[in-house]
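Participant: Input: one structure, supplied below.
The values are calculated or read from the model by the stated rules, or taken from the named source; none is laboratory data. All values derive from a computational prediction rather than experimental measurement. Note that each Cβ is placed from the backbone with ideal geometry, even for glycine, and that neighbours are counted across all protein chains shown. SASA here: full protein model, heavy atoms, side chains in, ligands and nucleic acids out. Shrake-Rupley method; radii C 1.70, N 1.55, O 1.52, S 1.80 Å.
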Amino acid sequence: MITPVPSRAFPKMAAPDFTRDLDLTLEELNALLDLTAQVKGHPEQYSRALAGRYASLLFEKPSLRTRLTFELAVKQLGGDSVVSSGPIGGREPIKDVARNLDRWTQVIVARTFSQRTIDELARWSSVPVINALSDLYHPCQALADLFTLKEHRGTLAGLKMAFVGDGNNVANSLMITCARLGVNFAIATPRGYEPKTRIVNQALELAAETGANLTAAHDAEATVTGADAVYTDVWASMGQEEEAAQRRVDFQPYQVNEQLMALAKPNAIFMHCLPAKRGEEVTDAVVESKQSAVFDQAENRLHAQKALLLMML
Ligand code: CP
Ligand code: NVA
């Protein structure tokens, strides 16, 4: 006989929206990681949690993982979603879009070019708004990634994540989330592609509270040495297609290949938000290696977003 496992209580998120990583308090972030494990282990206990509730999913840019994991997350929690692709705020003001969607659905998930679009939606919507990637942050990605690292290592505090590549949205969210969780974070970028000073300074303040070590440099080898996780992202993000040729030149010394991975700890994992451009930021051999955790990360997008929706709605 299978003994049912009682579903644990979890806190309701205090902030109305998840527009950026810091909308979750540290306590809520830790609770979310615990709830993710619970939801992943016992999905059946949450299968009616969002019954009768609906999500609006808005995409200004392409998506595989984020779109499908949000659609599945809502469905697996007993709700449903509608999707709209294309520019937000082209035909009518963003504030009007927000005040249409909040009449029909109970949460808005938006992938935008500009963080300002997410903030404007959140300002006008009476229902929660979730950032599904902007030019500044990819907070849902960071939740799944830190959960994945914890799954692989059993603990987070004191680990070292090395990020090699573009100091962009994914790196920003990881830097902030690692700093808060006491994970040492080292980033190596080419000159001119560093994360924004404002966001580095914010992460440094958070790191000071947890004792995490945070470094930003230009030397990929030194950055990766001794790392527990090596992370990279595409060299040209969505919307930067015209810069791709120049970026291929500038980022060439920052490819994650087997030589670079050999400098990390022997049991280090390789991480990537995906989609990956094999032969650019990472070699096929590294993505396909035993160290690669990329499909665990992709799987965990689903579980982490279910936990997020449960805590928000
Ligand atoms: N990692 C991620 O956000 O993937 P998609 O662009 O496919 O959603
Ligand atoms: N930095 C990438 C992440 C894709 C998930 C982009 O913004 O396109």
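Participant: Can you name the condition, by its number, that E151 falls short on among (1) open to solvent by less than 30 Å² (accessible area, probe 1.4 Å); (2) more than 16 Å from ligand 2 (Cβ to nearest atom); (3) in a helix (DSSP H, G or I); (4) under 29 Å from E281 (Cα atoms)?
Facilitator: It is condition (1) that E151 fails.
Participant: Does G86 satisfy the condition of being open to solvent by 20 Å² or more (accessible area, probe 1.4 Å), of a type outside the set (A, V, I, L, M, F, W, C), more than 14 Å from ligand 2 (Cβ to nearest atom) and at pLDDT below 95?
Facilitator: no
Participant: So in the stretch 200-253, with the set limited to residues that are closer than 14 Å to N168 by Cα and among the polar types (S, T, N, Q), which one is surrounded by the most Cβ atoms within 10 Å (Cβ to Cβ)?
Facilitator: Looking at the filtered set, the residue picked out is T232.
Participant: Related question: Of all residues in the stretch 266-279, how many are away from ligand 1 (no atom under 16 Å from the Cβ) and either crowded, with 22+ Cβ neighbours inside 10 Å or touching a residue at least 40 places away in the same chain (Cβ under 8 Å) (or both)?
Facilitator: Selection size over the stretch 266-279: 2.
Participant: Another one. Going residue by residue through the stretch 39-58, is there one that turns out to be outside any strand (DSSP E or B), over 20 Å from the mean Cα position of the chain (by Cα) and of a type in the set (D, E)?
Facilitator: For the stretch 39-58, residues outside any strand (DSSP E or B), over 20 Å from the mean Cα position of the chain (by Cα) and of a type in the set (D, E): present.
Participant: Can you find, within the stretch 94-116, the residue that is farthest from the chain's Cα centre (by Cα) among those that are surrounded by fewer than 22 Cβ atoms within 10 Å (Cβ to Cβ) and closer than 23 Å to R65 by Cβ?
Facilitator: Ranking the qualifying residues of the stretch 94-116, first place goes to T105.
Participant: Now for a different question. Within the stretch 33-41, identify whether any single residue is among the small types (G, A, S), out of contact with any strand residue (DSSP E or B) (no Cβ under 9 Å at 6 or more places or on another chain), under 30 Å from R198 (Cα atoms) and open to solvent by 20 Å² or more (accessible area, probe 1.4 Å), and answer yes or no.
Facilitator: Looking through the stretch 33-41, none of the residues is among the small types (G, A, S), out of contact with any strand residue (DSSP E or B) (no Cβ under 9 Å at 6 or more places or on another chain), under 30 Å from R198 (Cα atoms) and open to solvent by 20 Å² or more (accessible area, probe 1.4 Å).
Participant: While we're here: Filter the stretch 181-198 down to the residues that are open to solvent by less than 30 Å² (accessible area, probe 1.4 Å) and assigned to a strand (DSSP E or B) and list them by number.
Facilitator: F185, A186, I187, A188
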